[in-house]
């Protein structure tokens, strides 16, 4: 099929997935038992009227999907005037306007709460991913090139051990070693420095980023190392490598011009798939290092059962993963000329 | 009939399982992983016997027992409730392993079923199932887990189910692709043809082939499940009434282990998790290597240095056969392959001379060492191979002992190769023109870009490929075009010698003829010397000037083409000719040579052809015949020739 | 060239990183850094729920009355008060010369406006509840506020101590819902000793000193409250010097910190006490509140006082305190904690830990182990004494307590089925559903006992705040009485009587009242208030007083 049809098919599927996630998201959190209004504020000072007021404020008094759920004639009457006045449709409407509801906990718009945090997570994950990809690839290449030597075994063992470490455990250990050795104890920046010069702030943030990024890098580098190694091993055994050698190219030239491009194709797919897993990693790292990102938001919202926030994070994360997969697919198709022939 | 470098297969095992075990036991990583895992399982099973205290009770504990450092009574100290960490650690292995295994089991079953059904039935079913799998892959599991755990209770059973229900997606994908691959295999089609039902096919044919892959994947899934359980517990979603390593970490982190200085409460359960997960990873890695053996040798491995081993066979000067200069002088070349301590003699004592403008045919059965020989010339042997004797003189230098830098110069610009089966001999992600250009740039770096492009186009047109294909990729070329492109590339640096390794195998007859014509034309036009490797005697008769017949790694016979066809002296050559159809003698009966070529690691002591030779006598099986010169450069290695 | 470029990049990055380490040196303000594990949920005093929010409110705002760490109230923005004879009219004389942080003067109009703001917004979760008895609130002139009541109350000072004075000129547009509840109040203009400088939720709160405060100008220039995700990290932050004081820490770290000469650990009764409880489902099935969703599946044995009494005797509270709190707590009596000072009936004698006695009580009451499996059954032999025991899954101490109780009570032939439950699900099954046997939970408290006393009242069963289903008309009457008794001593007597009643009925088992544990660095700031009956280092009294160590 032509390149364009291929593209549109992928994009269409991505859109469908997003819609699916949107709907799933809604029902996921409505299925929960208990009363978020009550349990969030377990206190006898919260009188009945105040409870009702809270419920109305969060729109929890409306029927969930359709008007005939509650057989209360008053409610149904309201609905008859506007059949789309149900929680589900309100949710959808709000989404199109970029509104993700209000946090039970702080009453601020969820979108606002998550907005700043999204960038913080992207910063951390971005740096971590880049480092782990680079380091993993370098050592993977080294291992494959020097296959069956001690360098190979060393790199392999390192990768396997790194992959086996539980993320939060490594984070805790690094945090305590680091805090006794001059590293910041957590957070993104030293409080009170927002009026300091720009370069000071940048340096401050970088200093805070070192340990969490290191944790992230160690844990995820292992996988890239292993994949790069096996991918490169496969590539280096291909006939065209022999052709290149027969042409008189040096080992370095062959690696650079023939092997790497081909060996990197699986990495692209892995990066996208990994995004789903890095969410779990981000949650752990951000909670250990008090990094104010989406992962930390999940952790806090989990603790306080702040469902609108959880819902918003879930949606954001799912959409990011879908996007990342789409980008990976498209990138792969651009890199590998054979794909168009499918 | 194409072969690559000599591949040594291990002897056929007596039973599949013992064969598997033998291979596996050689894989160090896998064995270490297995041992580590067995230790963990044994500890878990015998926990009550090994554990010094019972961590399930707090009888007799007081607050002074809390966070005690490791001591004689408590080898790994105590935790936040005063319990012995070592005992909790041992009991914790049970929960972690059980959760891991059962959750993984659920994932594998679901993933396996979905994968097989999708792959086998294909069509709509496959589409639906795979779309569903993709959807789930995208959804982040943690919020999902929160919901399910909240809906039910944070108990071990629920955690097992939740992890299991979310972990099947990668398994499904892998199983599906494997099922697809197996489905189209011949024996499945055959089973269908005789009317076997779907269930039967799935259970008896597909499942056994999918199972190994499933096992390897299962190991990965188990390790992920164990990591997941520890993460869940750390986040406070675990079951606090069960002692698991994750739960131990949750209590330690939540009840101030580090600030109390109780590093043992954090280090121990973490170590446990790493141990088990690492054991599974090593085991999985090892299994994968056994089931999907990659030779773990590749083309960029450093080559072995050349040695001169056989003392008795000194290089001999030979008389020139012709007046024209000798381009390539190969003397007593021997090549060995070293594998796990065993030595296989792939080529033994081969000599020939290639004159300018000459086309030498190199013939012999599969496995006789033709490809090994030509690879040795440019020192392109695989990592297991080395030149064990002899010289390769080209441009006055001995290539066999030359350095890599010197070789890099000679390769392609002096001797180039047209590989057989150009399917993969060209890099699929680079354009053909690019790859030709690359060769030129390497050896003539000063050529300006404009001229480069012209030269590439010129080369392509030389072989009959239109210029517009310059920027196309190899998969856009037909088989014949690819082969011609390979020829173009081989000529790009104006080499003196071109080696064509069965360039027309796997091409249809019409294309074959084209390519051969082209080769011949180019040879005459450009004054090349060509070594033409083939098993097609008809082509040799038509195009070659001289012929080198190889058998079992040695020179059977070497002579001018007329001599070979009309006066073959070696019994092998004679039999070969008898087995080949001759258009001029349509009624000639074809007699095939009974028997099989020798295994290179189990060579007979005497003449290598003796077991199949109709003229063999006693001496043949005990003494290896020398290469006798029969005048005019005609060589034959046979005892029968000795007399004359 | 390429190498040089890379080198430059690396050098630049290093420089940035190192420059942050140095910090700036010009005229730095005196900054006090406090570490805590939570964060205010909002800066809007009307909608705030978390304790951390109230800590900030108390620092940034003033009130008519202020609660002291010794348990008394003192007049704050008001300099005097007159109460009418019928106790229905309060006239407050407001001080002169108080200014808001933005420079505008504070008058009686602002005071009245604030009280009315809370009174007219039923959406204000907590603060509105304090005004239920207010009839009218008026500023009769610039320095007089008159509040009339619907009925007389004994604790006006308590009620007013939470009604933060906000500026009318800022809040004028936000007097009604939904504006009032949606207003984020990020600038937080008040009259208190500290003013809001910067707030990043879940990261930090930065307050600057209000040196012109009429009563308590702080000695430091700034206070920063920094949020850390876990207690362990909090302790580490103090040790590494990232913060100068921490408002909470795990008991397990006390020993380590006590060995550190740069740190001083402070323990004592918490300012806002928390009471852990063992809830017995003893609701009468005939009075099951089915119209509000009551299911009432409680084990019948728990309705028998004898069983509860036996369990009380079978509970080794000291061991619970030792293991769960590492000793930082005192054995509990009823829901009224010792931290409530004179309200606490300390004359009650707790049930002794006596397993033999417990067994005897159960034997005499007819709960025998008829089948010899170690578990007693009901007198009619129908059900074994196996109780479903749940706790909220977000509690890290409850599992330990549950384990210990399970072991202790197995000595008297009772078994527990332990299960952690999601807090929401737990609320759903607790009350008014009453679908449980035993729950391990707890209550936070105000300085006034009224809230905690209401939990025992029958009137709170349909509301779900009475979690045991306990219903005693004698108690209910006393509860109503103490709510209107104006004489302090008489009211206290009533409260003591109420405690005695529920203690004798063994409505709950209260394992302990936990202490607060805080710590500060002795080498940074001095002047911490540590000798009061209640401990809160982040209380305004401490924070305005501390100054750097010379």
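Observations on the model:
- Legend: calculated FRET efficiency, residue C:291 to residue C:255, from the Cβ-Cβ distance at R0 = 60 Å, rounded to 0.05, equals 0.65.
- Computed per residue of chain B from DSSP H runs no shorter than four, each worth -39500 (n - 2.57), the mean residue ellipticity at 222 nm is -15000 deg cm²/dmol.
- FRET efficiency estimate (nearest 0.05) - Cβ-Cβ, residue B:98 to residue C:550, R0 45 angstrom: 0.15
- Kirkwood estimate for the protein assembly as shown, i.e. one over the average of 1/r between Cα atoms, Å: 38.6 Å
- Descending semi-axes in Å of region B:18-60, equivalent ellipsoid built from Cα gyration tensor: 36, 9, 6
- Averaged over the residues of B:270-276, the number of partner chain Cβ atoms lying within 10 Å of the residue Cβ comes to 3.
- Isotropic mean projected area of the C-alpha convex hull, region C:396-507 (nm²): 8.4 nm²
- For chain B, the longest principal axis of the C-alpha atoms and the axis of helix B:449-462 are separated by about 60°.
- Ranked list, fewest to most other Cβ atoms within 10 Å of each Cβ, for B:565, C:164: B:565, C:164
- Here each label is just a point 7 Å from Cα along the line to Cβ, and for residue A:112 and residue B:618 those points are 10.8 nm apart.
- Stretched out straight at 0.36 nm per residue, the stretch from residue C:354 to residue C:526 would grow longer than its current Cα-Cα span by 57.3 nm.
- Volume per residue of the C-alpha convex hull in chain C, rounded to whole Å³: 207 Å³
- Computed over region B:429-576, the P(r) tail beyond 25 angstrom holds 37 percent of alpha carbon pairs.
- Alpha-carbon Debye profile of region C:204-319, log10 I(q)/I(0) at 0.10, 0.22 Å⁻¹: -0.65, -1.30
- Over region C:462-522, the ratio between the Cα radius of gyration and 2.2 N^0.38 Å evaluates to 1.55.
- Angle between chain B longest axis and helix B:509-526 axis [Cα atoms, degrees, rounded to 10]: 60 degrees
- Rounded tilt (10° steps) of B:263-291 against the dominant C-alpha axis of chain B: 30 degrees
- Separation in nanometres of the label points that stand 7 Å from Cα toward Cβ, at residue B:590 and residue C:486: 12.5 nm
- Take the Cβ atoms of residue A:336 and residue B:562, set R0 to 60 Å, and the FRET efficiency comes out at 0.70.
- Cβ crowding within 10 Å, taken as a proxy for footprinting-reagent exposure, orders C:215, C:350, C:41 from fewest neighbours to most as C:350, C:215, C:41.
- For region C:374-419, alpha-carbon Rg relative to the globular expectation (2.2 N^0.38 Å, N residues): 1.28
- The label-point distance for residue C:93 and residue C:262, in a model that sets each label 7 Å from Cα toward Cβ, rounds to 5.1 nm.
- Across every direction, the projection of the convex hull enclosing the Cα atoms of chain B has a mean area of 41.3 nm².
- Taking all C-alpha pairs of region B:247-397, those more than 19 Å from each other amount to 69 percent.
- Partner chain coverage, peptide C:416-422 - average Cβ within 10 angstrom: 6
- Volume per residue that the Cα convex hull of region C:269-415 spans, once the total is divided by residue count, Å³: 151 Å³
- Ascending count of other beta-carbon atoms within 10 Å, so fewest first, for B:520, C:141: C:141, B:520
- Gyration tensor over alpha-carbon atoms, region A:216-290, equivalent ellipsoid semi-axes in Å: 35, 11, 8
- Each part gets one Cα centre, and for region B:107-131 versus region C:262-338 those centres are 54 Å apart.
- For region A:191-342, pairs of C-alpha atoms spaced more than 21 angstrom apart make up 63 percent of the total.
- Residue-averaged beta-carbon neighbours from other chains (10 angstrom radius) around A:189-202: 5
- Relative packing of C:297-308, B:241-252, C:332-343, A:240-251, which averages over residues the other C-beta atoms within 10 Å, highest first: B:241-252, A:240-251, C:332-343, C:297-308
- Inverse mean reciprocal Cα-Cα distance (Kirkwood Rh) of region A:130-179, Å: 12.1 Å
Where a number appears in this text, it was derived from the coordinates with a stated rule and is not lab data. Everything quoted here is computed from the prediction, not taken from an experiment. Cβ coordinates were reconstructed from backbone atoms using ideal geometry, including for glycine residues, and neighbour counts include every protein chain displayed.
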